[in-house]
1. May I ask for the angle, rounded to the nearest 10°, between helix 12-28 and the longest principal axis of the chain, with both axes built from Cα atoms and the value confined to 0 to 90°?
2. Checking the a/c ratio against 1.5 first, then a/b against b/c, what shape does the Cα gyration tensor give for segment 82-224?
3. Got a sec to turn the phi values of segment 153-168 into Karplus ³J(HN,Hα) couplings, 6.51 cos²θ - 1.76 cosθ + 1.60 with θ = phi - 60°, whole Hz, x for Gly and Pro?
4. Each residue of segment 41-48 in order: what ³J(HN,Hα) in whole Hz does its phi give by Karplus 6.51 cos²θ - 1.76 cosθ + 1.60, θ = phi - 60°, with x for Gly and Pro?
5. Of I85, L98, P53, which is farthest towards the positive pole of the chain's charge dipole, taken about the Cα centre with +1 and -1 on the beta-carbons of Lys, Arg and Asp, Glu respectively?
6. Restrict the search to segment 16-55; then list the trypsin sites (Lys or Arg not before Pro) that DSSP places in a loop and that have at most 16 other Cβ atoms within 10 Å of their Cβ.
Amino acid sequence: MTKDIYIDKDGMSSLTSRIFNILRDEILEGKYVEGQKLVESKLASKLGVSRTPVREGLKQLELEGLVESIPNKGVIVKGITTQDINDILNIRLAIEDLAVEWAMERMNDEELVQLKEIYDLMEFYTAKDDVDKILDLNTQFHEVIYKATKSRYLDNMLRDFQQYIKVIREKSIRTPGRLETALEEHRIIVESFVEKDVQKGKSALKKHITTLRNNSLNRIRDIYE
């Protein structure tokens, strides 16, 4: 079902941003596949808006590299490739390596408690095999670390990456046995923060992201082909 679109006080700019986010998520989720043509009028009708914000949203998608405007053909979906996944996760690994270091230096007691509580909930829902809840908690877990860096630039950058990573993560977490191994990886990350062991935290995070990458690459054809 299409998400509702509203024009708020920010006007057309906000509307364009909302449309961009919806279309980006749908491309990343494989609802629009590589080579598929996106027609302005059809999208506008589906989303219940005029063609102008759809056109602007498609321009933003082109800047993101998810679509391509081809003369005499229109806007064509490029989707996401194995190279894209490699790039995204390698960049994330480099940035989160720094995030772990800064967060460990700057995290307050309240944030550490929050990180532990999220892990406890992950443990609970892993036992229930509730993948959807785990995905939500996984995002919250990492965002606590981002916030703890006390760097709005690093936080914003990593949160933006989350939009891409969440689809990759969903495919990875459904790999048989992955719920349990992911939980163990998060346990070690929490432990490293309790012990204030930066190297242990970086090592645990590297293992976590490397496994995510390998699982995602193994399943990429199931998503986009």
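1. Orientation of helix 12-28: about 70 degrees from the principal axis.
2. Oblate is the answer for segment 82-224, as a/c is 1.5 or above yet b/c matches or exceeds a/b.
3. Calculated HN-Hα couplings, in order: 6, 5, 4, 4, 5, 6, 5, 5, 4, 4, 4, 7, 5, 4, 6, 4 Hz.
4. 5, 5, 5, 4, 5, 4, 8, x
5. Checking the options against the dipole of the chain, the answer is P53.
6. For trypsin sites (Lys or Arg not before Pro) across segment 16-55 that sit outside H, G, I, E and B with at most 16 neighbouring Cβ atoms in 10 Å, the list reads K31.
All of the numbers you see were taken from the coordinates with simple rules; none came from a lab. From a predicted model like this one, the values you see are computed outputs, not experimental measurements. As a convention, Cβ positions derive from the backbone with ideal geometry for all residues, glycine included, and neighbour counts pool all protein chains shown.
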